[in-house]
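Just so it is clear, none of the values below were taken in a lab; they were calculated from the coordinates. All values reported here derive from a predicted model rather than from experimental measurement. No Cβ is skipped: glycine too gets one built from the backbone with ideal geometry, and neighbour counts run over all protein chains shown.
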Amino acid sequence: RDLPRETQFVVKEINVKGLSDKDRREALKEVEVLKKLRHPNIISMHEAFIEGGNLNILMEYADAGDLAQLLHNARGRPFKEERVLDLFVQICLGMHHVHSQNILHRDLKTANILLTRQGIIKLADFGIARVMSSETDMAKTMIGTPYYLSPEICEDRPYNHKSDIWSLGCVLYELLTLRHAFEAKSLSALILKIIRGKFSPVSSSYSREVRSLVDSMLQNSPAARPSIASILTLSFLK
């Protein structure tokens, strides 16, 4: 096994014992998606094997936790804009590669964005990713973490890459404010808030450009949201 030296790995186990052929194919989907994705800001997969009723996936280990932990450890002290944008641009570079392969992440959230001690972002958990058969294909399954769900998923409308942009907007908002863009005490109330698209403004201590970017990513209409490629052309992110 030609594995990079001095690299740490983690084995993700997916129980496939007793699964139907269809469900087993779903379990294997993560492997196929990860195999396709080779990028410095995406967790790399090295091999997969079925043993003892488990599908075992050997993947790169990120040794500094995830963004959710980073936000928790901030204990209410906001990050400097420079720090936020460094993290955000890395996430965008990873997502640009994902979208360039016609793949949707579909579960982008702070807990699925990992970090190394060198400060490198690694996107992870493509367990519910979907390989799009074409640019215009619209996925129709309602999945994802409630706080980061796009309005179109909440309303059970077809969706595409722009749904990931909404989730990414929620992540950027969280990096700037240390709280979710949309919060409620019940799922139904949360969905209503998301569909209405009303959220508390980001502090004016951050630049007008970054606040406008959040607003553009959290537009109710998917067509009004920027693509990853267009976000990466913004001068203040370079």
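For the residues E13, E26, what sequence is obtained by ranking on other C-beta atoms within 10 Å, fewest first?
Numbers: E13 12, E26 15.
Going from sparsest to densest Cβ surroundings: E13, E26.
Using all C-alpha to C-alpha distances in the range 9-60, build P(r) with 5 Å bins and read off the rounded percent in each one.
5, 22, 30, 22, 13, 6, 2, 0
Going by how many other Cβ atoms sit within 10 Å of their own, how do R106, R196 line up, fewest first? Intermediate results must be reported in sequence, preceding the final value.
Details: R106 23, R196 11.
Least to most surrounded, the residues fall as R196, R106.
What full-extension length gain, to one decimal in nm, is calculated for Q118 and I195 as 0.36 nm per residue of separation minus the Cα-Cα distance? List each step's numbers first, then the result.
Details: separation 77, 0.36 × 77 = 27.72 nm, distance 3.80 nm.
Residue separation times 0.36 nm, minus the Cα-Cα distance, leaves 23.9 nm.
By counting other Cβ atoms within 10 Å of each Cβ, how are F9, F199 ranked from fewest to most?
Numbers: F9 15, F199 20.
Fewest-to-most Cβ neighbours within 10 Å comes out as F9, F199.
Report, in listed order, any pair from K12/K198; K22/K193; K22/K122; K193/K238; K29/K162 with a Cα-Cα distance greater than 31 Å. Numbers along the way, then the final one.
Working: K12/K198 38 Å; K22/K193 35 Å; K22/K122 29 Å; K193/K238 33 Å; K29/K162 22 Å.
Long pairs (Cα-Cα over 31 Å): K12/K198; K22/K193; K193/K238.
Taking 0.36 nm per intervening residue step and subtracting the Cα-Cα distance, what contour gain separates Q101 from N220 on full extension? Spell out each step's value before the answer.
Values: separation 119, 0.36 × 119 = 42.84 nm, distance 2.51 nm.
Roughly 40.3 nm would be gained on extension.
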